[in-house]
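Okay, so here's the structure we're looking at.
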Amino acid sequence: FLLPPLSLLLLLALGIFLLYRRAAVARAFLLAGVGLLWIMSTPYFAEGALHWLESHTTALDSRYQSADAIVILGGGSYFYAPEYGGADTIGEASLARLRYGAKLQRETGKPILVSGGKPLGNSVSEAQQMRDVLEQDFHVPVRWIEEDSDNTFENALYSFRLLHQAGIHKIYLVTHAWHMPRSADIFRRAGFEVVEAPTGFTTRYRTDLLAFLPRADALRERNTFIHEVIG
């Protein structure tokens, strides 16, 4: 209920409901709803919010920072993919993380743990999907899979249990740059020493008039920002 666009639609609905009861209050709600909807769906402001999150991490240079394992966090599934025989496979966010995790594994030679359960009740865990893609498509081995977690807190908790048994406490943590501040904090609280390995930074080719016009994809980016702040 706190995430757009539902939160904004509820605000507008409340304004309409009050329109003939408390006109002044209704106008305030309607103006706020329309204004927030415009700002939240404008690329310039949506990307700026993600830039603020991403400013709390930096791209990794693996030549100067070392760790004992690579932990890659799941980022959602592509359900019933027709071109893959109707099976569940990784979504776009997970693919971006796996691509960078594979690059990091080739550079460092460190073993990989993939983490992700069945948060939406899918038949195959995100961790299994990630392992299959890494081994079959990227030809990179996966040593551990953690497939019981439904959120970032559980990613950290269950990954620590697995790697603690292997005597590993210092990890490269791979996830999106906007997700890294929250993820790194949670993994450190779980007991890990974290070397941040963010990917998927928010970049723009150029800023022009179109950056100030509302777009649906910008609303999704703002949704991501608010989700992270609430998290």
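The values are calculated or read from the model by the stated rules, or taken from the named source; none is laboratory data. All of these numbers come straight from a predicted model, not from anything done at the bench. Quick reminder, even Gly has a Cβ in these numbers, built from the backbone with ideal geometry, and neighbours come from all protein chains shown. Remember, those area values only see protein heavy atoms, side chains included, never the ligands or the DNA or RNA. Shrake-Rupley method; radii C 1.70, N 1.55, O 1.52, S 1.80 Å.
Ignoring ligands, DNA and RNA, please state the percent of accessible area on the range 98-157 from carbon and sulfur, probe 1.4 Å.
Ligands and nucleic acids excluded, carbon and sulfur reach 44 percent.
Between T199 and residues 5 or more places away or on another chain, which pairs have amide H atoms under 5 Å apart, with H built 1.01 Å from N, and which residues are they?
T175, H176, A177
Between helix 43-54 and the chain, what is the angle of the helix's C-alpha long axis to the longest principal axis, kept within 0 to 90° and rounded to the nearest 10?
40
Identify, among L113, I226, W178, the residue whose Cα sits farthest towards the positive end of the charge dipole of the chain, taking +1 on the Cβ of Lys and Arg and -1 on the Cβ of Asp and Glu, with the dipole about the Cα centre.
Working it through, the farthest residue towards the positive pole turns out to be I226.
Please work out the Cα center distance from the range 99-136 to the range 186-200, rounded to the nearest Å.
16
Farthest toward the dipole's positive end in the chain, which of L157, S41, S94, given Cβ charges of +1 (Lys, Arg) and -1 (Asp, Glu) about the Cα centre?
Farthest towards the positive end: S41.
Please tell me the relative contact order of the chain in percent, rounded to the nearest whole number, where contacts are Cα pairs under 8 Å and at least six residues apart.
With pairs under 8 Å counted, the relative contact order is 27 percent.
Classify the range 82-166: rounded, prolate or oblate, from the alpha-carbon gyration tensor (a ≥ b ≥ c, eigenvalue square roots; a/c under 1.5 rounded; otherwise prolate if a/b is larger than b/c)?
oblate
Probe radius 1.4 Å, ligands and nucleic acids left out: which of R206, R182, R189 has the largest accessible area, and how do the rest follow? Walk me through the intermediate numbers first.
Working: R206 145, R182 50, R189 185 Å².
The ranking, largest first, comes out as R189, R206, R182.
Using unit Cβ charges (K, R positive; D, E negative) and no other charged atoms, how large, in debye to the nearest 20, is the dipole of the range 41-143 about its Cα centre?
Magnitude of the dipole: close to 300 debye.
Search the structure for amide H atoms under 5 Å from the amide H of A69, placed 1.01 Å from N in the peptide plane, and list their residues when 5 or more places away or on another chain.
Y172
Quick check for me: using +1 on Lys/Arg Cβ and -1 on Asp/Glu Cβ, what's the dipole size of the chain about its Cα centre, in debye to the nearest 20? Before the final figure, lay out the partial values.
Details: 22 positive and 24 negative charges, 148 e Å.
Result for the chain is approximately 720 debye, rounded to the nearest 20.
Compute, for H56, the solvent-accessible surface of its heavy atoms (probe 1.4 Å) with the complete set of protein chains present, and express it in square angstrom to the nearest 10.
Accessible surface of H56 is approximately 100 Å².
Can you give me the angle between helix 92-108 and the longest principal axis of the chain, using Cα atoms only, in degrees from 0 to 90, rounded to the nearest 10?
30
Mind grabbing the accessible area of K103 for me, 1.4 Å probe, Å², rounded to tens?
100
Counting Lys and Arg as +1 and Asp and Glu as -1, each charge on the Cβ, what is the dipole of the range 11-77 about the Cα centre in debye, to the nearest 20?
Value, rounded to 20: 620 debye.
Please give the helix 23-40 orientation as an angle from the longest Cα principal axis of the chain, in degrees from 0 to 90, rounded to the nearest 10.
The angle comes out at about 40 degrees.
Mind sorting out which of (i) 12.7; (ii) 15.3; (iii) 14.2 is the real mean projected area of the Cα convex hull in nm² computed from the coordinates?
Of the labelled values, this structure produces (ii).
Using a probe radius of 1.4 Å on heavy atoms only, what accessible surface per residue do you get for the chain? Whole Å² is fine. Intermediate results must be reported in sequence, preceding the final value.
Working: 12770 Å² over 231 residues.
Per-residue accessible area for the chain comes out at 55 Å².
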